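Data first, discussion second: the structure below is written as structure tokens.
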Amino acid sequence: MESLASPPCLRLTPTAHRQLHSRQSSSACYTHGGTSVTKSNSLSFSSSASGFSSSLAVEKELRSSFVQTAAVRHVTGSLIRGEGLRFAIVVARFNEVVTKLLLEGAIETFKKYSVREEDIEVIWVPGSFEIGVVAQNLGKSGKFHAVLCIGAVIRGDTTHYDAVANSAASGVLSAGINSGVPCIFGVLTCEDMDQALNRSGGKAGNKGAETALTALEMASLFEHHLK
């Protein structure tokens, strides 16, 4: 639908079209070198009184012809309705010094938003590569409203980093699509350990806490609006 604020062009009604056509049809005739020449007066929306008023009339008629659309309904998840929601947290043991801090940030955030401890289940896996298959299994179990996927992949001297990071991301995405339950990607992919520590409670915040907030909103969205 075209924007009401700035229509791309003027679409004239039959009445306005006839008025403009009659203006365009006016002409002046004169003789030049024995030859009769007809000169058409082109329509100009100038600042003259008649031209300006005609322009306003056409614009007013155009605007009145637009049909108002019905109000658009906006739906979003809530962060204040955590009670009764159940969450699984899949955590990679590899780079545990980082993933433990991310896990603590997630659990602490859940508590702040009224999620009970008995509604949180933590599942440990060897590394980030294994997160996807476990997350999918948990999502399909029907026991949880969302699954958090926490891990840390740190670049080394080989291309192993790229393979694990890409596989972890695609695995979490597939888990959510195949299970129909939100699976939240909370795997850090960092250049070095300093970056990872900064993002697990350091100066860059705690990405585990951010993952928990995303899980809360998505769980609420699915539970209260998308069933």
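The values are calculated or read from the model by the stated rules, or taken from the named source; none is laboratory data. Because the structure is predicted, anything quoted here is derived from the model rather than measured. Because the Cβ atoms are built from the backbone with ideal geometry, glycine has one as well, and the counts that use them run over all protein chains shown. The area values use the complete protein model at the heavy-atom level, side chains included, leaving out ligands, DNA and RNA. Shrake-Rupley method; radii C 1.70, N 1.55, O 1.52, S 1.80 Å.
A compact table of results
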| quantity | calculated |
| --- | --- |
| Failed criterion for Lys143 (all others in (1) assigned to a helix (DSSP H, G or I); (2) more than 27 Å from the chain's Cα centre (by Cα); (3) of a type outside the set (S, T, N, Q) hold) | (1) |
| Hits in the range 133-183 - residues which are surrounded by fewer than 21 Cβ atoms within 10 Å (Cβ to Cβ), farther than 24 Å from Leu197 by Cβ and small (Gly, Ala, Ser) | Ser141, Gly142, Ser170, Ser174, Ser179, Gly180 |
| Residue within the range 198-213 that is open to solvent by 10 Å² or more (accessible area, probe 1.4 Å), over 19 Å from Glu104 (Cβ atoms) and in a loop (DSSP other than H, G, I, E, B) present | no |
| Where a residue in the range 95-113 is over 16 Å from Ala215 (Cβ atoms) and its partner, wherever it lies, is in a helix (DSSP H, G or I), with Cβ under 6 Å and at least six apart | Val98/Ala196 |
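Residue-wise test of (1) among the basic types (Lys, Arg); (2) in contact with a helix residue (DSSP H, G or I) (Cβ under 7 Å, 6 or more places away or on another chain).
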| residue | (1), (2) |
| --- | --- |
| Thr99 | no, no |
| Ile107 | no, no |
| Lys112 | yes, no |
| Glu117 | no, no |
| Lys140 | yes, yes |
| Gly151 | no, yes |
| Ala165 | no, no |
| Val172 | no, yes |
